[in-house]
Amino acid sequence: MAKKKTEEKINLDSILFKCRDILRQARNSGSFFEKRDMMLTLVFLRFIGEKFEDGVENLRKELISQGLDPDNEEIFKAFFDDATFTDGTYNLPVEARWSAIINTPAPNLNVALDAALRSIAANDRKLKGCFVEGTFTTRNLAPNDIKKLVDEVTKISHKAFGEEKDLIGRVYEYFLKEFAVNATKEEGEYYTPHDVVQLIAAMIEPLDGTLYDPCCGSGGMFIQSAEFVRAKRGDISHINVYGQEKEPATYRLVKMNLALRGISHHLGDESDSSFTHDLHKGLYFNYIMANPPFNLKGWYNDNLKNDARWADYAVPPESNANYAWILHMLSHLKPLEGVAGFLLANGALDDSDTVEIRKKLIQNDKVEAIIILPRELFITTDISVTLWILNQNKKGGVFHGRELRNREHEILFMDLRTWTENPVKNENKKKVLLTAEQIGRAADIYHTWQSEGTDGTNYAVPELYRSVSVDEIEKQAWSLVPSKYIEFIDHDLEIDFPAEMRRIQNEMRELLAQEKESQRMLEDAFRGIGYDL
């Protein structure tokens with residue numbers, strides 16, 4: 001039994017499940033948002049503390065490699081009292097270090113945690129506004145409860161789960177899934193899975209310049225984009241990140257998340273709606289990556305009626321923000337080179353109240369690709385969604401070393417709904433993911449279509465993708481539903497129906513014979529114990 005326990009791997013979901021239960025049972029733990037704030041703030045303190053410990057250890061090794069003794073009093077004072085780290089690691093005050101927090105007696109933990117947050121915010125301007133004043137003392141969890149919570153969070157480590165993973169985002173996703181049943185539906189909060197973000201990044205290749213997300217959530221788009229740049233041996237300092245987030249708690253979260261990663265960012269000085277208070281008005285970006293709230297209602301007010309963002313199109317319907325998001329993002333794309341990849345609910349492909357906007361987007365050659373994704377990619381919703389790619393330059397030229405052809409008046413359609421063969425383990429509902437190979441294949445289909453030497457009029461594989469002219473889309477009343485353009489093979493035509501009927505009839509005869517034999521044996525058994533049948 002002991003051997004089995006030592007072999008058991010630490011599972012992030014099991015740790016978070018225990019934290020969830022501690023908070024559910026604890027007296028005075030507050031609303032969902034207060035529980036989530038406490039958990040995410042604890043995880044932030046844990047991660048920033050772990051990065052500090054790693055930074056100190058790396059600094060010790062560096063000093064030793066230079067022939068210096070890090071334990072020498074003078075050396076320690078010179079290098080460690082006010083340490084400077086080259087990788088963006090924060091030099092934490094003593095009271096904010098996780099080693100100090102976990103050694104604090106349980107009755108003093110709530111006060112110690114809030115003191116740690118105050119000292120971090122006071123020592124770094126970028127982290128100002130990340131924390132709710134009195135996060136822990138206001139709730140004042142019982143000593144036993146806050147101690148159990150801290151002990152569980154201590155188990156969440158980049159050493160155990162991997163430096164490359166967006167662990168704060170994963171914690172955020174878990175608490176959306178487990179706590180926020182209403183929030184996911186009413187507030188439109190959906191955490192974008194890593195594989196979906198990687199697909200968008202692989203498609204539009206945000207390797208340099210400016211990157212914008214108008215509804216940036218926990219910052220997953222930025223973090224995965226930074227990983228994409230690193231994977232391509234690029235320099236993340238060449239990417240300038242801009243974002244906006246409406247929800248105050250999530251705004252604090254994205255600031256924490258990006259600070260931990262050392263990603264320079266411009267998120268504005270407050271949380272607010274990109275529609276009613278655009279914090280980056282007048283700025284244009286090389287790349288946009290976004291996962292706007294699906295079918296968002298309540299986005300509109302009368303002040304937006306004559307807004308410049310839709311002056312060249314039409315006012316998006318008040319009942320649904322899908323096309324408001326499209327036009328908002330288009331207004332922020334650099335006019336001659338900007339590229340956007342974003343997710344929308346499938347209804348945006350063909351809804352009747354946006355046909356005039358959609359028609360003009362197509363006629364203006366803004367839409368470059370439409371990719372329907374598999375169902376079950378998201379944990380918090382099971383719907384299939386569409387990846388849209390807008391491009392301000394379909395005329396061709398050199399892009400990231402590739403020679404692009406003129407794709408004017410063409411749109412690439414892809415349908416990936418059958419790519420569902422990779423189930424995710426340890427989920428209490430069906431969920432699939434896109435593998436690195438699948439992401440590479442989808443990006444290659446798109447990039448090959450863009451490239452010189454490709455004949456767009458004959459670029460197609462049945463049931464997967466097809467390049468389509470604007471003339472053909474006009475004949476379909478400006479619909480962007482891929483199944484109207486991609487060839488689907490009627491596999492029923494391949495069936496030998498007479499042979500199939502003979503097979504079914506033979507199987508039915510065998511089943512009837514088995515049932516008769518079972519009935520006979522049952523009757524014999526009853527007769528054997530004295531029943532007269």
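Computed from the coordinates by the stated procedures, all read-outs in this text should not be read as laboratory data. Here the structure is a predicted model, which is why all the values come from computation and not from measurement. Cβ: placed from backbone, ideal geometry, glycine included. Neighbour counts: every protein chain shown.
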About its Cα centre, how strong a charge dipole does the chain have in debye, to the nearest 20, once Lys and Arg get +1 and Asp and Glu get -1 at the Cβ?
1080
Two-decimal log10 I(q)/I(0) for region 9-163, as the Debye equation yields it once each C-alpha is a single scatterer, q = 0.17 Å⁻¹
-1.02
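Quick check on the chain: helices-only [θ] at 222 nm, where DSSP H runs of length 4 and up contribute -39,500 (n - 2.57) each and the sum goes over total residues. Nearest 500, please. Mind dumping the intermediate values first?
Numbers: 19 runs with 231 residues, N = 533.
Taken over the chain, the calculation gives -13500 deg cm²/dmol.
Give, in whole angstrom and from largest to smallest, the semi-axes √(5λ) of the equivalent ellipsoid of region 186-484, with λ running over the eigenvalues of the Cα gyration tensor.
26, 23, 21
Divide the volume of the convex hull of the Cα atoms of region 346-431 by its number of residues and quote the answer in cubic angstrom per residue.
Here the figure is 135 Å³ per residue.
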Using the Karplus curve 6.51 cos²θ - 1.76 cosθ + 1.60 with θ = phi - 60°, what ³J(HN,Hα) values do you get for each residue of region 450-459, in whole Hz, with x for Gly and Pro?
6, 7, 4, x, 8, 8, x, 6, 10, 9
Step through the residues of region 463-474 one at a time and calculate ³J(HN,Hα) from phi using the Karplus curve (6.51 cos²θ - 1.76 cosθ + 1.60, θ = phi - 60°), rounding each to whole Hz and writing x for Gly and Pro.
6, 10, 7, 6, 8, 10, 7, 4, 4, 5, 5, 4
For Leu333, the residues 5 or more places away or on another chain with a placed amide H closer than 5 Å to its own amide H are Phe285
Can you pull the one-decimal nm distance between simple spin-label points at Ile64 and Arg24, each 7 Å off the Cα toward Cβ?
4.6
All-pairs Cα distance distribution in region 280-370, expressed in whole percent, bin size 10 Å
15, 53, 31, 1
Around Leu267, which amide H atoms from residues at least 5 apart in sequence, or from another chain, sit under 5 Å from its own amide H, with H modelled in the peptide plane?
Gly243
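Based on the Cβ-Cβ distance from Glu73 to Thr137, what FRET efficiency comes out when R0 is 41 Å, to the nearest 0.05? Present the calculation step by step, with values, prior to reporting the outcome.
Working: r = 37 Å, r/R0 = 0.90.
E between Glu73 and Thr137, to the nearest 0.05, is 0.65.
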Return the long-range amide H neighbours of Asn240 (sequence gap of 5 or more, or a different chain), with a cut-off of under 5 Å between placed amide H atoms.
Gly209, Thr210, Leu211
Modelling each spin label as a point 7 Å along the Cα-to-Cβ direction, I'd like the Thr435/Asn144 distance in nm, to one decimal.
4.9
If we restrict to alpha carbons, what Rg and Dmax does region 235-303 come to, in Å?
13.3, 44
I want to make sure I understand the PRE zone here: with the label point 7 angstrom from the Cα of Glu318 toward its beta carbon, which residues in region 235-277 have backbone N atoms less than 16 Å away?
276
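Stretched out fully, how many nm does the piece from Asp455 to Ser157 gain, at 0.36 nm a residue minus the Cα gap?
Working: separation 298, 0.36 × 298 = 107.28 nm, distance 5.00 nm.
Taking Asp455 through Ser157 to full extension adds about 102.3 nm, to one decimal.
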What nm distance separates the two modelled labels at Asn108 and Thr418, each placed 7 Å from Cα along Cα→Cβ?
6.5
The chain: translational diffusion in µm²/s, Stokes-Einstein, Kirkwood Rh over Cα pairs, 37 °C, 0.692 mPa s:
124
J(HN,Hα) series, region 326-337, from Karplus relation 6.51 cos²θ - 1.76 cosθ + 1.60, nearest Hz, glycine and proline x
4, 6, 4, 5, 4, 5, 9, 7, 4, x, 10, 8
